[in-house]
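What follows is a single structure, written as structure tokens, with notes after it.
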Amino acid sequence: MIVKNSKMLKSLQEVGFKKIFSENVRVTVGVGTCGTGNGADKVYEKLKKDIPTKIKAKVDLVPVGCFGCCFEEPILSIHIPGNPIVLLNQVKYYNVDKIIDFVRHKEIPEDLALCKIEEWDFLNLPEKIEIGKNYENIKVWKELPYFGRQEKIVLRHCGLINPDDIEEYIGVGGYSALDKVLNNFSPEQVIAEVEKAKLRGRGGAGFPTALKWKFMRGAKSEDSHKYIICNADEGDPGAYMNRNEMEGDPHMVLEGMIIGAYAMGATEGIIYCRAEYPLAVRRLREAILQAREYGFLGKNILGSKFSFDIDMVEGAGAFVCGEETALIASIENSAGRPRPRPPFPANKGLWGQPTNINNVESWSNIPVIINKGGEWFSSIGIPTCTGTKVFSLVGTVKNTGLVEIPLGTELDKMIFNIGGGSSSVKDIKAVQLGGPSGGCIPKDLLSTPVDYESLTGIGAIMGSGGVVVMDEFNCMCDIARYFVTFTASESCGKCVPCREGLPQALKILNSVCDGTAKLADLDILEELSYMIKNCSLCALGQTAPNPVLTTLKYFLNEYKEHIIEHRCSAGVCQKLFQSNCTNSCPLHINIPGFIQLFKEDRLEESFECILLDNCLPASTGRICRAHCNVKCRRTDIDGAVSTRELHRYIADTTYAKNKDEAIIKKLIIEKLPPTGKKVAIIGSGPAGLSAAFYLLRLGHKVDIYEKRAEAGGFLRYAIPPYRLPRDVLDREIGFVEQLGANFLFNSEIGDKISIKSLKDEYDAIFIAIGAHLDLPLRCGGEDLEGVISGIDVLEKIAKNEPAGIGRKVIVVGGGNSAIDAARSALRLGAQVTIAYRRHKWDMPALIAEIEEAEQEGINFMYMVSPENILGSNNHVKSIELMKMKCGECDWSGRLKSLPDGETFKFPCDTVIKAIGEKVKMEFIKDSGIEIKQRDKIAIDPLSHQTNIPEVFAGGDFIIGPSTCAEAMGEGKNAAKGINIFLTGKDNFNKLFKKFFYKAEVPEEPESGNRNIPLELPLEERVQNFKEIVQTFSKGQAITEALRCLRCDVKKGDEKT
Amino acid sequence: MEAKIEKKNKFELIEFEVEQGEVDKVIAKYRNKPGELLLILEEVQKLNRYHYLPMNTIQYIGEKLNIHTAKIFSVVTFFSFFNLIPEGEHCITICRGTACHTKRSRFLLEFLIDYLNIEEEINENEKIFITTPDRMFTVRTIACFGQCALSPVMELDGEIHAHMNTEKLKNLIEKIRKEEKEKKKKKKEMNSNDRKE
């Protein structure tokens, strides 16, 4: 039926509306391609089959597009008239019976529900629609962090209406904007409205749409044909917004185009859609047929004098055809090669006639601009970038999907609040915006607002809206290489800079990832990139170097690491790392190597293999955080290999047999000849000890300044003996002593000994003082007696001094130090409670430590924060705690903890502060060392050198409170840097030797489940500081070693 | 639809051509529409059993549209969708888009090449289109399916598979191998039955 006038449209709108909000129960299933990929089509088929047979009353079962919440697909909605629409998530085939059962009773299966929609603003209807209020237990959709900051304008129909039914589109106000235009607006007035809206093209360049339309309007056609084209060739890998817009709401695109055609005087329209989107193509074709049937396309639309029709063309797999002149060329039956501009398509486009091309999303914004007005539109977002933009948030982020936010929102709101932060155990490292044309933004720039100008300011572009989040397991050199591989293969070949330049850039990037590049190659790469950027004919070449330029700018360290260190810390570039475990270990211990040596019963060699990379093998074997396990391949089978316990066993057994003596003697003999240089190391913690171990063997003289009476730093003065017995620590510190270190105890750097004075006496200084100051609680009463620092408590206990522990202790904090302080206090006879401001699963402490603390009888209070400490006679009597509630996600990927308002008092006589540590910075002043913002010292990441050439720094002092292994790794790297500075050459490799062992890979994973070390029974523990975790037995060690899958063996190794 | 069996090199190349009558129908459908060449080539390729465009077909289309074969050849070699050599029985397309790449789709691709005993080195600069010697599988890559939330994504015979890993891939390939074996068995039985009669 042809809709001839506004009156017919209005009555059809009422009919359509009643279809959506009828008296029947309405069940919708999201069968966009995402849903289908997750099994939504099976759910839909089963419902289609079963509903008529199982439910007597009429139920409307409707296929819809995607609501945008891709990580929760398949999504099904149930609307029982008079009630809110309820969305169910991750609906599987086997949930269908239960759902049908509930629907039959007109009820909702609340345990399957994700959220509810109580009201909705369709924007083209005069008022918001009140759908219904009910279901107290189900959250309103905007309460979910994923939706909280979103504003659905372009996506307002997707997931709610049937995209294959034009009447449902009309029902929510569709084509009313067209009607308004044809009856009330002249073409110039339409353009004026779009200008008021300040709409900018959504395809990537952000060109003002109204301006483009004006050019087109003013252009003269030679044969009275003018064309408008919808660019639906969304080729950016990682971006699929347009696909969803076309699949979920094709009529909105058509309406936008028809209005645009009227405004610009176009006679024909073309939608150019990539063939990789078969469902979108099908939906658009269907929509065009329906639009013709109802008279919105064809002659005399809605009874006016305006005639217009649309054809569809499918792309054929060429990314470059997203560029407008290439797109036009491919429609003209040529290969899709761009043409120089001017002349611009608005003057000479398709077949030489005026042509206007806009992106799908630009067209989609037009109907709402007409109905709500340009001024309304320009009030959303920021003045220079109005309206919303749909982004596809993908990659290593928890909540992936399509996100529509007002322009100008900060990027971190999208990544953390909406996205939920990192989806892996590693932190987010970078965000790639704009696909292969865009740039990589590092984590510290994530508070940049998302608008065209701010992003170009930091070297990125918004592009079509693809946002790919990357974590520390992604290698940025590999990412640059990946994008250049893509653009090089998609280059049309017409112009030399792109055709020849990109493969040359790729060659260099390949050599970086292979480890064969030289530092000078990076300069060539940069120069080449600028050349390609400035001289290419079209935007493909002009933007292809962006990933390279941004990674060179923000991630230069990774390039240098690949080239100089021949290492890929992310563990991606196969030629640059041995095995995942060795690569993840901050000390890069040859883990498969020492395990194989042990398997071959060569205990001493196995010990030496460990020792050369780790001078505290038995100590770390007790307390290391096992970074090696993060990517251990065995995890996917039955649990990671217990590497830590293994090197503990090897060290403990070697010590029991006194075999270490000979090995240390050997190391002493193998020391390189004396260099005559003197190094002062400030701090005898893990970083200092590790640096000393290497510097001494390199032939330098080393003096270690330690402010306390004994060496070890945190290892002695913070980690309690029940985790790390003193005799083990002493023996291993002895190695550094035997190698010739001169310890100066009770020597704190400050007034008497200053950096300046040390500079006169020594050739190099390494500052490794750690982070020993507890952060203040910042609540009232902190100066009362009985309020003590966790670090101080642990230090006093280590020195066997009275620690000031009362009878009823509360420890505030959730890290390992808090647990250590709590368990130590328990052993001194106190009743202990730990108070943490977030949930248990957000605690930074090791899970094993938390569980042991629970077993030992420590109480835990979660979601509380100290508000005030109360006392009498100047001594602590109780602590007032504030109950906390969860807020939005913060940059650590955890939910912020916010005060809830309610407080309560907890009686106690001791409050131990353990909420984190910071670094003492006072002695740095007057030293000339450069301090960056937030009290951090600037050092060269590879050599650890500060701005003063002979002063180096490393460990917790630089990286903040971290782990023992990381601190030791810092010391090891600093030693290398100091040696190069002192001698001018890099002979660090001389300190290591190659061990020869079999390259045997087990055919099948051997040995079964992970071995768990025995522990001291609970009764024997709590009154003393005896070591809890025992060394493996020999049998355990052997079976555990057999579990290693030998990931280090590469193809061809078996022959050597 | 006729099949010409021709032995070429080591392979038994079964060439397949779409009948001219069918091609005419497609041409008539899209003649004089914008982008007619792309639309015609795409649909004719779809009609071909082995999803490719033999030279004869290309020349025929050129004659009918009055476009020189060289120009059509330029279009066919420019766009990655068009194949000049036949595909295998089953086509596996691995998505190499950014989201899939960050989820290790390259390893999936390498695993697939290895698992199918394909000897050739893959060079992602050029279009990857490798068919196994037994013509059972063709392996291709695509820059992006636009299914990024389901990464890593793979398409097998037109059907999208989400959240792929090597286990799932192995299972799918084995399933197809089993089905093909059954088909062959049935065919043999039918042939021997025919002979008996």
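See the values below:
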| quantity | calculated |
| --- | --- |
| Filter result (surrounded by 17 or more Cβ atoms within 10 Å (Cβ to Cβ) and free of Cβ contacts under 8 Å to residues at least 12 places away in the same chain) within segment A:129-152 | none |
| Scope segment A:780-801; condition assigned to a loop (DSSP other than H, G, I, E, B) and buried (at least 19 other Cβ atoms within 10 Å of the Cβ); matching residues | A:GLY781, A:GLY786 |
| Elements of type strands (runs of 3 or more DSSP E) contained in segment A:865-958, each with 3 or more residues being free of Cβ contacts under 8 Å to residues at least 60 places away in the same chain and surrounded by fewer than 21 Cβ atoms within 10 Å (Cβ to Cβ) | A:875-889, A:895-907 |
| Segment A:957-973: number of residues that are within 24 Å of the chain's Cα centre (by Cα) and of a type outside the set (A, V, I, L, M) | 5 |
| Flag for B:ASN171 being outside any helix (DSSP H, G or I), at pLDDT 85 or above and either out of contact with any helix residue (DSSP H, G or I) (no Cβ under 6 Å at 6 or more places or on another chain) or under 26 Å from A:VAL467 (Cα atoms) (or both) | no |
| Within segment A:575-595, tally of residues that are over 25 Å from the mean Cα position of the chain (by Cα) and of a type in the set (S, T, N, Q) | 2 |
| Any hit, segment A:299-310, residues being surrounded by 18 or more Cβ atoms within 10 Å (Cβ to Cβ) and under 43 Å from the mean Cα position of the chain (by Cα) | yes |
| Number of the exception - A:ILE310 against (1) modelled with pLDDT of 95 or more; (2) part of a helix (DSSP H, G or I) | (2) |
| Residue count, segment A:449-500 (criterion: assigned to a helix (DSSP H, G or I), in contact with a Cys (Cβ under 7 Å, 6 or more places away or on another chain), within 11 Å of chain B (Cβ to nearest Cβ) and of a type outside the set (A, V, I, L, M)) | 2 |
| Segment B:88-104, subset at the interface with chain A (Cβ under 10 Å from one of its Cβ atoms) and within 17 Å of B:LEU172 (Cβ to Cβ), residue surrounded by the fewest Cβ atoms within 10 Å (Cβ to Cβ) | B:THR93 |
| Test for A:VAL64: is it within 14 Å of chain B (Cβ to nearest Cβ), within 30 Å of A:GLY298 (Cβ to Cβ), crowded, with 21+ Cβ neighbours inside 10 Å and at pLDDT below 95 | no |
| Counted residues, segment A:414-429 - those being of a type in the set (Lys, Arg) and not in a loop (DSSP other than H, G, I, E, B) | 1 |
| Complete set of residues in segment A:832-852 that are among the basic types (Lys, Arg) and without any contact (Cβ under 8 Å) to a residue 40 or more places away in the chain | A:LYS840 |
| Segment B:141-168 - residue that is of a type outside the set (A, V, I, L, M) and assigned to a helix (DSSP H, G or I) and, of those, farthest from the other protein chains (Cβ to nearest Cβ) | B:LYS168 |
| Top-ranked residue of segment B:62-87 - restricted to ones that are more than 10 Å from every other protein chain (Cβ to nearest Cβ) and among the polar types (S, T, N, Q), ranked as farthest from A:GLY317 (Cα to Cα) | B:ASN66 |
| Considering residues of segment B:32-61 that are at the interface with chain A (Cβ under 10 Å from one of its Cβ atoms) and in contact (Cβ under 8 Å) with a residue 24 or more places away in the chain only, the residue nearest to B:ARG135 (Cα to Cα) | B:GLN45 |
| Residue count, segment A:762-787 (criterion: more than 14 Å from A:ALA914 (Cα to Cα), out of contact with any strand residue (DSSP E or B) (no Cβ under 7 Å at 6 or more places or on another chain) and of a type in the set (D, E, K, R)) | 1 |
| Out of A:LEU775, A:LEU784, A:LEU870, A:LEU846, sole residue that is over 22 Å from A:PRO725 (Cα atoms) and at pLDDT below 90 | A:LEU775 |
| Segment A:97-128, residues that are exposed (fewer than 15 other Cβ atoms within 10 Å of the Cβ) and touching a strand residue (DSSP E or B) at 6+ places or on another chain (Cβ under 6 Å) | A:GLU119, A:LYS128 |
| Every residue from segment A:844-864 that is touching a strand residue (DSSP E or B) at 6+ places or on another chain (Cβ under 6 Å) and either outside any loop (DSSP other than H, G, I, E, B) or under 22 Å from A:GLU917 (Cβ atoms) (or both) | A:ILE858, A:ASN859, A:PHE860, A:MET861, A:TYR862, A:VAL864 |
| Residue pairs meeting the criteria (Cβ under 7 Å; at least 6 apart or on separate chains; first surrounded by fewer than 24 Cβ atoms within 10 Å (Cβ to Cβ), in segment A:547-572; second basic (Lys, Arg)) | A:GLU561/A:ARG567; A:ILE563/A:LYS518; A:GLY571/A:LYS631 |
| Scope segment A:627-662; condition basic (Lys, Arg), touching a Phe, Trp or Tyr at 6+ places or on another chain (Cβ under 8 Å) and without any contact (Cβ under 8 Å) to a residue 60 or more places away in the chain; matching residues | A:LYS659 |
| Failed item, numbered, when A:ALA239 is tested on (1) buried (at least 24 other Cβ atoms within 10 Å of the Cβ); (2) touching an Asp or Glu at 6+ places or on another chain (Cβ under 8 Å) | (2) |
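The values are calculated or read from the model by the stated rules, or taken from the named source; none is laboratory data. Computed from a predicted structure; not experimentally measured. Here Cβ is always computed from backbone atoms with ideal geometry, including for glycine, and neighbour counts include all displayed protein chains.
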